[in-house]
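Enquirer: What follows is a single structure, and I will ask about it in a moment.
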Amino acid sequence: MKKSLTIHDIAKMANVSSATVSRVLSNSSYPVSPELRSKILRIAKETNYVPNLLGKQLKTKTSMTIGVVIPTITNLFYSSIILGVEEIARKNNYQVLLCNSFQDPVLEDKYIQAMFEKQVRGLVISSISSDKKQLKHFIDMGLNVVAFDQKMEMEDVSQVDFDYRKGGYIATRHLIGKGHERIAYVTAPLDRPSRISIHEGYLTAMQEAGFEPIVQEGGNETYSGTYEFENGKDQTRRLMERGVRPTAIFACNDMMAFGVVNELSTQGVKVPGDISVMGFDGIDFGQMMTPPLTTVLQPTYEMGRLACNMLLDVLIDGKKPEAGVMLQPKLLERESVADLR
């Protein structure tokens, strides 16, 4: 394997100092004659020279890379957010280093540490960890953080928040408005702020209507590329075994809702003819399934763009971090909910 060229190699070929080569290749304002500048650039091009950006970052203590940590890229909710982050980063000549925590808080901490060691000074994160000691340590050392999806009650952390409680309330009220009374809520473990808030919205709507809540909660999470889908199937199976058949099932996210529909189909239950299904997230695949999924829309792409803009405002312009913004839910009415009125 060939050894990578350095500015010292370019300097020898051009018969100049390494400092001169560095000034030319970094487009410094330091005066270098047009002829010499042209010669150095020609040699760099002919030899396919690739600059050592990490070395430059270590020397200048600057970085054009931002980090992103998410629970899993297999959930299209996060994929859409990443696209929004990348759009803004690219427009500002920043690169994105993406890490999946695979629902593992220990791995999440390892990724955050690795990023900081690589001179990454800006982080966009959906944190699943309940212990924020390490993150707080890196923030104190200069790491700039914007959180999304899961709320983080920490100083110096900007937040792109979403009104999950209102979303859960809107979804349940829609089902009630369609004449449903036995409305079940199936959810992954209620151990994250977003899931807890959706659940609270569901409970409030059911209690206001005078209906008995029916909650089916999943157990401990183990990483799988299809975890949410499989969990939706599993919790639906358990729900149906409880004896009291609901007229509607509200899932805590769209991926789980896909699993709900799949399991109901396996059992010969028609959607929405026999049981209606409501999702939460508004990912694009929901409109491609049969029947198209009624759901609560989260503006995921915009969420990613906002998070990256907030981070770059601090990194580029030195602005004081924003406390945060709260995005609002919107009902997407499709064809998976029957009208029982």
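Enquirer: What number, in percent, do you get for the relative contact order of the chain if the mean sequence gap of Cα pairs under 8 Å and at least 6 apart is divided by its residue count?
Expert: The value is 18 percent.
Enquirer: For residue 244 and residue 9, calculate 0.36 nm times their separation in residues minus their Cα-Cα distance, and state this gained length in nm to one decimal.
Expert: In short, 76.9 nm is gained.
Enquirer: May I ask which residue of 328, 296, 96 lies farthest towards the positive end of the charge dipole of the chain, with charges of +1 (Lys, Arg) and -1 (Asp, Glu) on Cβ and the Cα centre as origin?
Expert: Going by the Cα projections, it comes out as 96.
Enquirer: Between 41, 135, 264, find the one with the highest GNM mean-square fluctuation for the chain; connect C-alpha pairs within less than 10 Å.
Expert: Residue with maximal mean-square fluctuation among 41, 135, 264: 41.
Enquirer: Rounded, prolate or oblate: which fits the stretch 7-51, taking a ≥ b ≥ c as square roots of the Cα gyration tensor eigenvalues, rounded meaning a/c under 1.5, else prolate when a/b beats b/c?
Expert: rounded
Enquirer: If each residue of separation counts as 0.36 nm, what is the full-extension length gain between residue 269 and residue 200 once their alpha-carbon separation is subtracted?
Expert: Working it through step by step, the gained length comes to 22.0 nm.
Enquirer: Could you state, as a whole-number percent, how many of the C-alpha pairs of the stretch 136-218 are farther apart than 21 Å?
Expert: I get 41 percent for the Cα pairs in the stretch 136-218 exceeding 21 Å.
Enquirer: For the pairs 91/330; 151/319; 12/91; 233/330; 132/178, note any where the Cα-Cα span goes beyond 32 Å.
Expert: 12/91; 132/178
Enquirer: Could you identify which residue out of 199, 174, 137 has the top mean-square fluctuation in a GNM of the chain using Cα springs shorter than 10 Å?
Expert: 137
Enquirer: Please report, in debye to the nearest 20, how large the charge dipole of the stretch 164-297 is about its Cα centre when each Lys and Arg carries +1 at its beta carbon and each Asp and Glu carries -1 there.
Expert: Dipole magnitude for the stretch 164-297 comes out near 300 debye.
Enquirer: What number do you get for the stretch 164-297 when its Cα radius of gyration is normalised by 2.2 N^0.38 Å, N = residues?
Expert: 0.94
Enquirer: Angle between the Cα long axis of helix 105-117 and the longest principal axis of the chain, 0 to 90 degrees, nearest 10?
Expert: For 105-117 against the chain, the angle is about 20 degrees.
Enquirer: Calculate for the chain the 222 nm mean residue ellipticity that helices alone would give, adding -39,500 (n - 2.57) per DSSP H run of length 4 or more and normalising by residue count, nearest 500 deg cm²/dmol.
Expert: -14000 deg cm²/dmol
Read-outs throughout are calculated quantities, based only on the coordinates presented, and are distinct from any laboratory measurement. Since the model is a prediction, treat every value here as computed from it, not as a measurement. With ideal geometry, Cβ positions are generated from the backbone for all residues, glycine too; neighbour counts draw on all protein chains shown.
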